[in-house]
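Participant: First the structure, which I've put down as C-alpha cells, then a few questions once you've had a look.
The values are calculated or read from the model by the stated rules, or taken from the named source; none is laboratory data. The structure presented is a predicted model; accordingly, all values stated were derived computationally and were not measured. Cβ sites come from the backbone with ideal geometry, for glycine too, and all protein chains shown count toward neighbours. Remember, those area values only see protein heavy atoms, side chains included, never the ligands or the DNA or RNA. Shrake-Rupley method; radii C 1.70, N 1.55, O 1.52, S 1.80 Å.
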Amino acid sequence: MSATDPDRDRDRDRDPDPDPEPGSGLDPVENVVATIARSAAEIRQGLVGRRGKADEENPSGEVQAEADVWADELLADRLTSIDGVGQYASEERSEIIDGGDEQVYVAVDPLDGSSNLQSNNTMGTVFGIYEEPLPAPGTALVASGWILYGPITTMAYARDGSVTKYELTGGERTVVEEEITLPDDPLVYGFGGRVPHWHDEFRTYVREIESNPDHKLRYGGAMIGDVNQVLTYGGIFAYPALEDSPRGKLRLQFECNPIAYLIEAAGGRSSDGSQSILEVEPTDLHDRAPLHVGNAELIDRLEDALA
Ligand code: FDP
C-alpha cells in the first residue's frame, strides 16, 4: 500500500489519534502498551551516540550495546512505576525487578537485533504481558507486540486474538490496519543460524521452501524486522535448533513467546519443531527455544519434516 493510498487515508480519518495517555484510567495492560509506544520515539532518538559496545554481557553471554543497557533502564523505570505491574524482566538483566503490584508481569527485549546498530539497519523492541509470574509459558500471555524502528516507527500489537498495526510519530499512535491476518499466499522466508550448523532435516525443508518460485529470501538479521516481513507478506521465519546450540538462539520469555502470540493471533502458527511455542514450559527466565513462525501450512510442513 503506498503512502498516498486512499484506503489508508480513510483509516487515518476514522481514527486519527487513539493514543491514550498512560495512567489515565487505563487497565494495566493498556497502560504498559501506551508507555512503551510513547517511549519509542525517545528510544529511537537515544540510539544516536549509543551505537558502541558496553563493557558488559547480558545473561545469555552476549556483549551488550550501550543502547541495550540504556533502553533497558529507561523501560524498567517507566514500566515498574505503572499500577498493576508485578514484575519487569528483560533479556538484558539477570534478575527480575519486582513492581509490587501484582496484576500483570512484563517481559521485554528492549532492543532486539541490536547488532544491526553498527550498520544502521532495522531493529525493534519486543514486549510480552503475562498474567502469571515469570518465567511463565506463552499460554499465560494476555497481550504482546513489537516496535519496529524502520524507515518509520511502527507498532504491531496483539490482544484478545486481534492484531493491530500503528504508526508512531512522537507521542502519537495512529492505526494503520486492524484485524491483521497473514496473507494467504506466503511470499518471504528467512532463516537464522549458520547454515553448516543446521540439522539435515531442517536443511532439506529449507531447500523445499527455496525451490518454490513464489518464495523470496528476506533475511535482515534482526528477528523483529524479519518477522514483520512475514506478517506483512506471508511466509516463514525461523531461528532453528542448531548442531552446536540445540535450543537455537532466541529467548523464550522475551522473544519467542511474544512473537508466537502475535503471529497466532494473526491466523498463523508457531512451533518449537513439534508443538506451539506457547505450550513450551519454561525452566529458567533466560531459556532459549527454537522458533519457527509463519503461515500455518508452512509450519505444518516444517513439523512433518522435523518429525
Ligand atoms: P541480536 O543478537 O543482534 O540482538 O536475539 C537476537 C538476534 O539479534 C535476533 O534479533 C536475530 O534474529 C538474531 O539474534 C541474529 O542472529 P545471527 O547473528 O546468528 O543471525
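Participant: Using θ = phi - 60° and the Karplus form 6.51 cos²θ - 1.76 cosθ + 1.60, what ³J(HN,Hα) does each residue of the range 96-101 get, whole Hz, x for Gly and Pro?
Facilitator: Once θ is set to phi - 60°, the couplings for the range 96-101 become 7, 9, 7, x, x, 9 Hz.
Participant: Using only DSSP helix segments of four residues or longer, with each worth -39500 (n - 2.57), what per-residue ellipticity at 222 nm results for the chain after dividing by its residue count and rounding to 500? Write down the numbers at each step before the final one.
Facilitator: Details: 8 runs with 90 residues, N = 307.
Helices in the chain give a 222 nm mean residue ellipticity of -9000 deg cm²/dmol.
Participant: Continuing with the same structure: Carbon and sulfur: what percent of the range 112-262's accessible surface (1.4 Å probe)? Intermediate results must be reported in sequence, preceding the final value.
Facilitator: Working: 2680 of 5860 Å².
Answer for the range 112-262 is 46 percent, counting heavy atoms of protein chains only.
Participant: What residues from the range 22-66 fall in the zone where the backbone N is under 19 Å from a label point 7 Å along the Cα-to-C-beta line of residue 73?
Facilitator: Answer for this model: 39-59, 63-66.
Participant: Any chance you could look up the accessible area of residue 56 with a 1.4 Å probe, heavy atoms only, rounded to 10 Å²?
Facilitator: Ignoring ligands and nucleic acids, residue 56 comes out at about 100 Å².
Participant: Now, a different point. Quick one: putting +1 on the C-beta of Lys and Arg, -1 on the C-beta of Asp and Glu, what dipole do you get for the range 101-164 around its Cα centre, in Debye to the nearest 20? Each step should come with its number before you reach the end.
Facilitator: Working: 1 positive and 7 negative charges, 65 e Å.
Here the size comes out at about 320 debye.
Participant: Apply the Karplus parameterisation 6.51 cos²θ - 1.76 cosθ + 1.60, with θ equal to phi minus 60°, to every residue of the range 120-132 and state each ³J(HN,Hα) to the nearest whole Hz, in sequence, with x for glycine and proline.
Facilitator: 6, 10, 4, 8, x, 10, 10, 9, x, 10, 9, 9, 10
Participant: With the dipole of the chain worked out from charges on the C-beta (+1 for Lys and Arg, -1 for Asp and Glu) around the Cα centre, which of 124, 144, 49 lies farthest toward the positive end?
Facilitator: Checking the options against the dipole of the chain, the answer is 49.
Participant: Using r as the Cβ-Cβ distance of residue 184 and residue 48, and R0 as 35 Å, what FRET efficiency do you calculate, to the nearest 0.05? If you can, show how the numbers build up before the last one.
Facilitator: Numbers: r = 40 Å, r/R0 = 1.15.
With R0 = 35 Å, the Cβ-Cβ based efficiency is 0.30.
Participant: Sticking with this structure for a sec: Using a 1.4 Å probe on the protein heavy atoms only, what accessible surface does residue 50 show? Give it in Å² to the nearest 10.
Facilitator: 70
Participant: List the DSSP H helices in the chain whose Cα atoms stretch 24 Å or more along the helix axis and whose mean Kyte-Doolittle hydropathy is at least 0.0.
Facilitator: Details: long enough: 28-46 (26 Å, 0.12).
Within the chain the helices that satisfy the rule are 28-46.
Participant: Arrange the residues 249, 53 by how much accessible surface each exposes, largest first, with a 1.4 angstrom probe. List each step's numbers first, then the result.
Facilitator: Numbers: 249 80, 53 130 Å².
Result of the area sort, largest leading: 53, 249.
Participant: Moving on. Once the cut-off is 38 Å, how many percent of the Cα-Cα pairs in the chain end up in the long-distance tail?
Facilitator: Details: 3967 of 46971 pairs.
Percent of Cα pairs beyond 38 Å in the chain: 8.
Participant: Now for a separate question. Solvent-accessible area per residue for the range 174-307 at a 1.4 Å probe radius, Å²?
Facilitator: Working: 5490 Å² over 134 residues.
Heavy-atom SASA per residue in the range 174-307 reads 41 Å².
Participant: Could you tell me how far the Cα centroid of the range 57-127 sits from the Cα centroid of the range 227-282, in Å?
Facilitator: One Cα centre to the other: 19 Å.
Participant: If contacts are Cα pairs under 8 angstrom and at least 6 residues apart, what is the relative contact order of the chain in percent? Please report the intermediate quantities before stating the final value.
Facilitator: Values: 694 pairs, mean separation 48.5, N = 307.
Contact order relative to length: 16 percent.
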